[in-house]
Amino acid sequence: MNTNIKYILIAEDDPRDLQLTMAALDEYNLVNKISVVSDGEETLDYLYCRGKFKTRPPGNPVAVLLDLKMPKVTGIEVLKIIKADNNLKTIPIIVLTSSREDPDLIECYKSGVNAYVVKPVDFDEFMGAIKQLGLFWMAVNEPPPQMAPEKTSIQSGVFISAGKK
């Protein structure tokens, strides 16, 4: 994926939720424009091109679908790190979670989330919501131009999460 190709990053640790999300996006032929990570640490490694993602093509996703309840680094921690980084803060973050907890909702919006979507229990509602999200971020929304990355302490590996399990 080079900087000219639009793609969505999905950060989801539940294989069933990931499978449903991918099935919904597949209806609009968007699956080939998806990168997937399974926990908060991998999400950050992906975005900062480090670890197993060190050689991935440069460029930011047009959006991140972010689960809140992930291992290693929580979704809220990932959100805060992204929104605090000048190179990443313009990436739209869509929290896709089963949490209807007011504290989670409030904390996400305080931290700069672009949208908060509660995973519907109903299969058809879930599929419809994911299809709408995929179409909007891939076809309608115009992402900001890619800029040359600045060096940050997080990129150079200084960030240490207190949220590791």
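Observations
- Model label points for K80 and D124, set 7 angstrom from Cα along the Cα-to-Cβ axis, are 4.1 nm apart.
- Formal net charge of residues neighbouring D14 (Cβ-Cβ distance under 15 Å; K, R +1; D, E -1): -2
- A simple spin-label model places the labels of A115 and V36 2.0 nm from each other, with each point 7 Å out along Cα-to-Cβ.
- Cα-Cα over 24 Å, subset of K110/K131; K6/K54; K54/K83; K33/K54; K6/K89: K110/K131
- Linear extension gain, D102 paired with D14, 0.36 nm per residue minus alpha-carbon span: 29.5 nm
- With all protein chains modelled, accessible area of E107 [1.4 Å, Å²]: 60 Å²
- Summing Lys and Arg as +1 and Asp and Glu as -1 over all other residues whose Cβ lies under 14 Å from the Cβ of G51 gives a net charge of +1.
- By definition, a body whose alpha carbon gyration tensor gives a ≥ b ≥ c is oblate when a/c is 1.5 or more and a/b is not larger than b/c, and segment 1-119 fits this oblate description.
- The listed residues E12, E41 rank as E41, E12 when sorted by accessible area, largest first, using a 1.4 Å probe.
- S111 sits with roughly 20 Å² accessible to a 1.4 Å probe, with DNA, RNA and ligands left out of the calculation.
- K83 accessible area, 1.4 Å probe, all protein chains in place, Å² to nearest 10: 40 Å²
- Distance in nm between pseudo-label sites at I5 and N29 (7 Å out along the Cβ direction from Cα): 1.6 nm
The values are calculated or read from the model by the stated rules, or taken from the named source; none is laboratory data. Small disclaimer: the values here were computed from a predicted structure and weren't measured. As a convention, Cβ positions derive from the backbone with ideal geometry for all residues, glycine included, and neighbour counts pool all protein chains shown. Areas reflect the complete protein model, heavy atoms only, side chains present, ligands, DNA and RNA absent. Shrake-Rupley method; radii C 1.70, N 1.55, O 1.52, S 1.80 Å.
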